[in-house]
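The values are calculated or read from the model by the stated rules, or taken from the named source; none is laboratory data. Treat the numbers as computed from the prediction; the structure is a model and nothing was measured. Counting neighbours? That spans all protein chains shown, and the Cβs are built from the backbone with ideal geometry, glycine included.
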Amino acid sequence: MPEGFHPQAWHNLFRKIGTLHRGGEYTTVGPYNMIAGCTNGTRPVSFKLERL
């Protein structure tokens, strides 16, 4: 987990980041981009993940 990153957010994003890292695709935004969210109901945050 990256330093300073919220544990619940990392838990929600870990598999999605791994899929993009290994060449997988999501079609939420584009073939190499996706919007993902943290499931913390009191402080929801959205993340845009892009394979570079």
Since residue 3 meets every condition but one in (1) of a type in the set (D, E, K, R); (2) under 10 Å from the mean Cα position of the chain (by Cα); (3) exposed (fewer than 11 other Cβ atoms within 10 Å of the Cβ), which condition does it not meet?
(2)
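Considering 3, 25, which residue is among the charged types (D, E, K, R) and either at pLDDT 85 or above or in contact with an Asp or Glu (Cβ under 9 Å, 6 or more places away or on another chain) (or both)? First the steps, then the outcome.
Details: 25 fails: either at pLDDT 85 or above or in contact with an Asp or Glu (Cβ under 9 Å, 6 or more places away or on another chain) (or both).
Exactly one of 3, 25 is among the charged types (D, E, K, R) and either at pLDDT 85 or above or in contact with an Asp or Glu (Cβ under 9 Å, 6 or more places away or on another chain) (or both), namely 3.
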Just the residues that are surrounded by 12 or more Cβ atoms within 10 Å (Cβ to Cβ) and under 12 Å from residue 9 (Cβ atoms), please, taken from region 28-41.
36, 37, 38, 40
Can you work out which of the residues in region 13-26 that are over 17 Å from residue 1 (Cα atoms) and in contact with a strand residue (DSSP E or B) (Cβ under 8 Å, 6 or more places away or on another chain) is surrounded by the most Cβ atoms within 10 Å (Cβ to Cβ)?
26
Of everything in region 42-52, what is outside any loop (DSSP other than H, G, I, E, B) and either under 14 Å from residue 12 (Cβ atoms) or among the basic types (Lys, Arg) (or both)? Give them in sequence order.
46, 47, 48, 49
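Regarding residue 44, is this residue touching a helix residue (DSSP H, G or I) at 6+ places or on another chain (Cβ under 9 Å), at pLDDT below 85 and either loosely packed, with under 10 Cβ neighbours inside 10 Å or not aromatic (Phe, Trp, Tyr) (or both)? If you could, list the steps in order and put the result at the bottom.
On the way: touching a helix residue (DSSP H, G or I) at 6+ places or on another chain (Cβ under 9 Å): no; at pLDDT below 85: yes; either loosely packed, with under 10 Cβ neighbours inside 10 Å or not aromatic (Phe, Trp, Tyr) (or both): yes.
No; evaluated as a whole, the condition is false for this residue.
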